[in-house]
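These notes concern the structure reproduced below.
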């Protein structure tokens, strides 16, 4: 791999050097910096103008609402004062009449306070109308003051005449002047709205100028950078194709290594089974035959032969287990499903983990590469469940669908965070699945167990093996 790595580093294009490149980069930096500064200035200036417009608009609205509310309160209280005067004059009960009189005096104080409040923000064109309004109010109260000292007989005999002749006329005059002031108030609001509109117009003109300047600078900057961007694009494209080429070579090498590993495992397993296993079996038989020939009285020799026989039995079992772990003969002789059942039983026997396998309804007509991939993925997953996850139950589902082979492995172990834990075993499983064009999906969370889902596309057995992309 060292020559390849050196080749990759030697072929990486170097950035342009020299004064032209530095000058061009400085020009780019100055252009972008100028555009950004202009945009920042435009943004700050726009925010300032918008704030002024908003403040002016809010102020005019608040002033109008406040003055209009005060004027409406004056009108409402003025209407109410007429009602109090009427009730005072027409109510035959002396106590009730006195209560109406008290309410009228309080209302008069409130109206005078509201008039003083309204006078604080008068415009020049409102002063004459407001002065007239105050004079009408004074006349109104002066006309009412003598009535408030009438006794019950006077109220009964002269009250109705006062209401219909004097009071109504004065109320009409006061309300007419109040209406004039309301019109002036609305005219003042309209004038303030025109001022806000003028501010908006100035803002639009300034924004148009800044936008045109930015557009001009942007066009100049774009024209100056097109050549450099195209050059960078060509360099990046050439580098990308080199990376793709080396990536394909690495995947091809990885696939060849996997195939060589499986062939070597198959060869070693066959050698262990055929040579060493049979030799140990022969030794075991010879030890049994020799033990049968031991004469009575040779107990020491019999014990030594029994020890040799026991050691040979253990060696035969170890060789058999190593052979099955390297490459189980039943995977080649009987197929994938029996091999998976054997693996599940062995796992339960050795570790005590309950392994549930659901694969009896799946046909066993897969290619040798698919069988090996599924077997190795299950083997590595069970190994991780026993060694790292400390699971007590593992569920395996293998199912063939019309266009794919689906494998699901789920345990109830302690789980882990896949973003921070990626061992060689997981990488090996993913590499095997990806080489066959499949999808490898892993879900795990601390304390929630682990779920592995593998999807392998099914290809025609007559087609050549899938090449990595």
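Bear in mind these aren't lab numbers, they're just calculated from the coordinates by the rules spelled out. The model shown is predicted, which means the values in this text are computed figures rather than measured ones. Note that each Cβ is placed from the backbone with ideal geometry, even for glycine, and that neighbours are counted across all protein chains shown.
Overview of values
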| quantity | calculated |
| --- | --- |
| Residue exposure sequence - 372, 139 - by fewest surrounding Cβ within 10 Å | 139, 372 |
| Label-point gap, in nm, between residue 80 and residue 35 - each point 7 angstrom along Cα→Cβ | 6.5 |
| Segment residue 342-residue 229, length gained on full extension (0.36 nm per residue, minus Cα span) | 34.6 nm |
| For region 330-469: rounded, prolate or oblate by the Cα gyration tensor [a/c cutoff 1.5] | oblate |
| Region 330-469 - share of DSSP beta bridges that are antiparallel (%, nearest 5) | 80 |
| Cβ-based exposure ranking for 70, 392, in which fewest neighbours within 10 Å come first | 392, 70 |
